[in-house]
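Heads up: the structure comes next, in structure tokens.
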Amino acid sequence: MSVAPVSPARLSSGLRVAPSGGKAIGIHAVLIGYALIALLPVLLIVMNSFKTREAIFGRPYFPPLPGVFSPSGYLTMFERAHFARYFANSAIVAGAAMTLILLLGAMAGFALAEYRFRGNAWIGLYLALGIMIPIRLGTVSILRIMSSLGLVNTLVALILVYAAQGLPLAVFILQQFMRQVPQDLKDAARIDGMSEYRIFWLILPLVRPAVATVAVFTMIPIWNDLWFPLILAPGEATKTLTLGAQLFIGQFISDWNAILASLTLAMVPVLAVYMLVSRNLIRGLTAGALK
């Protein structure tokens with residue numbers, strides 16, 4: 001009995017063809033190897049943050065076993081630096097900037113996707129240029145503006161700069177997802193008498209994958225940034241976590257225990273955010289590939 005070949009049209013209708021055994025093993029081996037390569041630096045930082053200085057340089061790939069275990073890096077970090085203040089400053093800046101990025105980006109994306117007006121395409125192109133051109137090229141002008149406004153050495157300066165930095169990408173991504181929301185749903189809401197603001201809040205939960213994608217891709221550069229905190233907010237009361245970690249780096253000697261301890265604690269919020277939105281993030285990244 002002959003078996004009819006599966007047509008491409010039938011495959012595209014929803015049927016999935018599982019890879020063969022050898023191919024599946026190869027794919028999983030590559031993915032596991034890549035995961036190990038990505039996790040190795042993180043594991044090294046965490047393990048070495050609980051070791052003595054001699055063990056960090058002598059046996060960096062060994063776990064912090066008894067005899068080399070030492071919490072001196074964490075003790076030094078809290079004794080010599082205001083770590084709680086630095087952590088709070090980073091959390092305030094990242095939280096406020098992400099709130100502005102997600103709210104304003106979603107509103108702008110909804111407007112560009114829903115309304116057709118003269119200059120719509122040009123505004124989208126202008127925002128796309130914001131993705132391609134690094135904001136650090138305008139550091140001198142940004143510093144002059146913040147100085148004239150009296151915002152130097154304030155967290156507000158960092159919040160505004162990071163919001164401007166993340167808005168182009170947020171608008172670009174959210175606009176594409178807003179266009180995929182069924183038009184019948186929005187038309188039915190208008191027939192029921194809903195305002196445009198109510199319609200916006202109605203469809204916002206439908207683009208959760210896009211919101212999660214924007215949240216992760218904007219939080220990581222904000223949380224890890226050293227450039228703008230060093231220029232706009234270098235004061236002791238406004239230092240962020242990454243800038244505060246520089247206290248342990250000297251010209252002739254560096255306290256690697258404290259540096260690794262601060263980096264370990266700095267990774268916790270980013271990992272927590274990723275774990276919270278990982279499912280929606282993966283859906284957002286793969287949405288285009290499944291069309």
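Read-outs: derived from the displayed coordinates by stated rules, not from any lab. No experiment lies behind these values; they were computed from the predicted model shown. As a convention, Cβ positions derive from the backbone with ideal geometry for all residues, glycine included, and neighbour counts pool all protein chains shown.
Tabulated results
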| read-out | value |
| --- | --- |
| Val152, Val273 arranged by Cβ crowding within 10 Å, fewest neighbours leading | Val152, Val273 |
| Segment Ile45-Phe69, length gained on full extension (0.36 nm per residue, minus Cα span) | 7.3 nm |
| Paramagnetic reach from Glu79 in the range 259-280 [backbone N under 15 Å; point 7 Å along Cα→Cβ] | 259 |
| In nm, spacing of pseudo-spin labels at Ile25 and Glu236 (7 Å Cα→C-beta vector) | 6.3 |
| Between 0 and 90°, nearest 10: helix 256-286 axis offset from the chain longest Cα axis | 10 |
| Förster radius 25 Å - calculated FRET efficiency between Trp201 and Leu276 (Cβ-Cβ, nearest 0.05) | 0.75 |
| Folded to 0 to 90 degrees: helix 155-179 orientation relative to the chain principal axis, Cα | 30 |
| Top positive-direction residue, dipole computed over the range 47-123 with Cβ charges, set Tyr61, Ala81, Met47 | Tyr61 |
| Order by protection proxy (mean Cβ within 10 Å, highest first), peptides 182-193, 221-232 | 221-232, 182-193 |
| Protection-proxy order for peptides 124-134, 104-114, 160-170, each taking the mean of Cβ atoms within 10 Å per residue, highest first | 160-170, 104-114, 124-134 |
| Computed magnitude of the charge dipole of the chain (debye, nearest 20; Cβ of K, R +1, Cβ of D, E -1) | 600 |
| Protection-proxy order for peptides 136-144, 79-87, each taking the mean of Cβ atoms within 10 Å per residue, highest first | 79-87, 136-144 |
| Structure-derived log10 I(q)/I(0) by the Debye sum over Cα atoms at q = 0.07, 0.10, 0.12 Å⁻¹: which label, when the choices are (1) -0.40, -0.76, -0.98; (2) -0.39, -0.70, -0.90; (3) -0.27, -0.56, -0.81 | (1) |
